[in-house]
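Visitor: Below are the structure tokens for one structure; questions will follow.
No value in this document is a laboratory result; all are computed from the given coordinates. Keep in mind that this is a model prediction, so the values were computed, not measured. No Cβ is skipped: glycine too gets one built from the backbone with ideal geometry, and neighbour counts run over all protein chains shown.
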Amino acid sequence: MKTKLLMLFAVLTLSISVQAKKYPQLKFEKTIIDLGTFSMDNAVQKCTFKFTNVGDAKLVITTVQPSCGCTVADYPKDFIAPGASAEITVTYDGSNKMPGRFKKSILVSSNCKENTTHIYIQGDMTDVPVSKKTKKTN
């Protein structure tokens, strides 16, 4: 009788572990992109974050929230199958911003077990070159 109960317990334990919840997993090629140095007269910069669903369930990106209004993100609205790749395009607009070094965070929310991930853009926006300032005023 004890042997039968142990066998039943072992089968139940095995079936429960096999039915464990499956999750997607978001893996970015890079989590920080440096836009480099650019001048205020070229204040709009774009970059692309490439990622893969390395999990075993469909990935859904629910929201992508940049840390400020100068940054906008475009992300896939459809399911991303396990093993499939996609991109998040981020546009930084430094127009009417002070020149200097910056770092902006973008919060990516999804249906992954770890449901939020941060990605970052950074760069150095310089003042418009003096030669271009004098051309505009003449």
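Visitor: For segment 22-127, what value does the Rg/Rh ratio take when both radii are computed over Cα atoms and Rh is the Kirkwood radius, given to two decimals? Mind dumping the intermediate values first?
Guide: Working: Rg = 14.8 Å, Rh = 14.3 Å.
Result for segment 22-127 is an Rg/Rh of 1.04.
Visitor: Roughly what % of DSSP beta bridges within segment 22-127 run antiparallel, to the nearest 5? Could you put the intermediate results ahead of the total?
Guide: Values: 32 of 38 bridges.
Approximately 85 percent, going by the DSSP bridge assignments.
Visitor: Right, another one. Kindly state, to the nearest 0.05, the FRET efficiency for Lys46 paired with Tyr23, given R0 = 22 Å and r defined as their beta-carbon distance. It would help to have the intermediate numbers written out before the result.
Guide: On the way: r = 31 Å, r/R0 = 1.40.
Efficiency for this residue pair is about 0.10.
Visitor: Between Tyr120 and Thr91, what is the label-to-label distance in nm when each label sits 7 Å out along the Cα-to-Cβ direction?
Guide: So the label points at Tyr120 and Thr91 sit 2.5 nm apart.
Visitor: In nm, to one decimal, how far is the Asp34 label point from the Ala84 one, both placed 7 Å along Cα→Cβ?
Guide: 3.4
Visitor: To the nearest 0.05, what FRET efficiency results for Ser105 and Val72 with a Förster distance of 22 Å applied to their C-beta separation?
Guide: Details: r = 14 Å, r/R0 = 0.63.
E(calc), rounded to 0.05, equals 0.95.
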